Amino acid sequence: MGAELLLLVTPLAGAAVLALAGHRRYAAELNAAFSLVTFGAAARLVMRVIEEGPLSALDEQLFVDSLNVFLVALTAFVALTTSLFSRPYMRIERAHGRVSDAGMRLYHAMYQLFGFTMLLVLTTNNLGVMWVAMEAATLTTVLLVALYRTHASLEAAWKYFILCGVGIAQALFGTILVYFAAERILGSGMTALLWTHLDAVKTELEPTVMSIAFVFVLVGYGTKVGLVPLHNWLPDAHAEGPTPISAVLSGLLLNVALYALIRFKVITDGALERPFAAALLMGFGLASVAVAAFFLSRQRDIKRMFAYSSIEHMGLITFAFGMGGPVASFAGLLNMTVHSLTKSAIFFTVGHAAQKSGTQLMEGIRGLVRVSPAIGWGLMLGAAAILGMPPFGVFASEFLILTTAIAEHAWAVPVLLVSLGVSFAAIFGKVQEMAFGEPSAARLPHRPALVPVFTHLALVLLLGLYIPPYLADWYRRAAQLIG
């Protein structure tokens, strides 16, 4: 079995097994084992792409190139570390009676199924299958957000389902319009939805149809990315679902939805030969950065606060891809990487901090550095990293985005600087109180999983100080594909 097939079969098999055994004592270890095999398959796929270049399989239904293989590796890695974090976290939730045996089966099975849908979105060459996989990802995460079965979690899951369901329907209509534009050139059948074939004939596609299609796709997949004003589901889903799900939503789902949007942008740019898609991405991205920054200062729930931080960063990445060019696209890809690693590490520490304090409200979380130095310093370092303080990798990516904006789109720079300044003040002030205030927490009944936290932060620090040549070359090739 090839690495690309093993990558998809493993989480699918894991979902089937854990649907039956997800409540057993060894279920968490089994979940981590399936995630480890998936990560091994992703690593093997990366090596093949480096050695052989772009790959296709299953009669061109699967396609892997420099752009999506980097996201495949990132997705598999964060899914693995999150499965390790969820092992003690979910045991504490079960010990506190928040999750039943049936809930544990649902959690572990849907965790693997969510990983499968994300990897299918990234590796499929068929834009129709991509849409189906994104819809399946919505359905799996709805069940995970509603895991606790409280009034607030059910309300958050319902809002998530309705908003993302309506949004993904717009993406379907946009995909149908792309097929309509391609059918005249490529003929009827599945070929007209294969991205590689569409990319080859993108200059021949009808510009008017493609411009309308991209608007629908932007609304549809932009809802999943969390772009303003399509973001209302995201803070509630983060706040009410289990913390491991907050980590993968912020670290994986948003990246994958943006990847789907970028694939359509490449085709649209080729068809229109003018920056129509770029202008829309820059506008929605800049609005997301500004709105999210000012909402940050009003939050009292720690998970909601970092959810708005995710909206801000996805807006910044979208703005970078809208600017285009080698430097901005490189910076956007770097920011996708470091944001995914940093934000998942932050949610790991936030989950343990909330379990210690018995609340997600920030006024109830105090003195973490004294109660649990590892958790307290992990949260503090994570906050410093996500706020773009040097020498972390977020600083490098934001610096590249800002310098490109200064050179090419100076009108946007004041908005970016003010928004980033407001975000820094809001997050740093609140995290400082939680880390160094008077202690208000108790010990956890199980040892927390802190290795994933500091592994992620170490990688983010490394990417701020030194990007290995092979990784930099990887980013450059992916940036060329984006255009």
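A few notes on this one:
- Relative contact order %, the chain, counting alpha carbon pairs below 8 Å whose residues are six or more apart: 15
- Alpha carbon centroid spacing (whole Å) that separates segment 90-143 from segment 268-325: 25
- HIS96/LEU12 FRET efficiency (R0 30 Å; Cβ-Cβ; nearest 0.05): 0.45
- If the segment from GLU135 to LEU465 were pulled out straight at 0.36 nm per residue, it would be longer than the present Cα-Cα gap by 115.0 nm.
- Long pairs among LYS159/LYS265; LYS159/LYS430; LYS224/LYS303; LYS343/LYS430; LYS159/LYS303; LYS224/LYS265, criterion Cα-Cα beyond 25 Å: LYS159/LYS265; LYS159/LYS430
- The residues packed around ILE365, meaning those with a beta-carbon under 13 Å from its beta-carbon, carry a net charge of +2 if Lys and Arg are +1 and Asp and Glu are -1.
- The length gained on full extension between TRP411 and ALA425, counted as 0.36 nm times the residue separation minus their Cα-Cα distance, comes to 2.7 nm.
- Selected from PHE34, MET323, ALA192, residue furthest toward positive end of dipole (the chain; charges at beta carbon): PHE34
- Look at [x] 18; [y] 12; [z] 40: the one that is percent of Cα pairs over 41 Å apart derived from this structure is [y].
- Segments 199-209, 238-248 sorted - mean Cβ within 10 Å per residue, highest first: 238-248, 199-209
- Segment 269-394, relative contact order [Cα under 8 Å, separation at least 6], %: 23
- For the chain, accessible area per residue (1.4 Å probe, heavy atoms of protein chains only), Å²: 35
- With an a/c value of 1.5 or above and a/b not larger than b/c for the gyration tensor axes a ≥ b ≥ c computed over the alpha-carbon atoms, segment 72-165 is described as oblate.
- Degrees, to the nearest 10: 302-323 long Cα axis against longest axis of the chain: 20
- For LYS202, the aspartates and glutamates whose Cα comes closer than 14 Å to its Cα, not counting residues fewer than 8 places off in the same chain, are GLU183, ASP269, GLU273.
- Spin-label model distance (nm) - ALA19 vs ALA458, 7 Å beyond Cα toward Cβ: 3.8
- Fraction in percent of alpha-carbon pairs per bin - 5 Å, segment 230-346: 2, 12, 21, 23, 19, 11, 7, 3, 1, 0
- Rounded percent of accessible protein surface that carbon and sulfur make up, the chain, 1.4 Å probe: 67
- Segment 33-147: relative contact order as a whole-number percent, Cα under 8 Å and 6+ apart: 27
The values are calculated or read from the model by the stated rules, or taken from the named source; none is laboratory data. Predicted, not measured: the structure shown is a model, and the values here were computed from it. Positions of Cβ are generated from backbone atoms using ideal geometry, with glycine treated the same way; all protein chains shown enter the neighbour counts. Quick note on the areas: whole protein, heavy atoms, side chains included, nothing else; ligands and nucleic acids left out. Shrake-Rupley method; radii C 1.70, N 1.55, O 1.52, S 1.80 Å.
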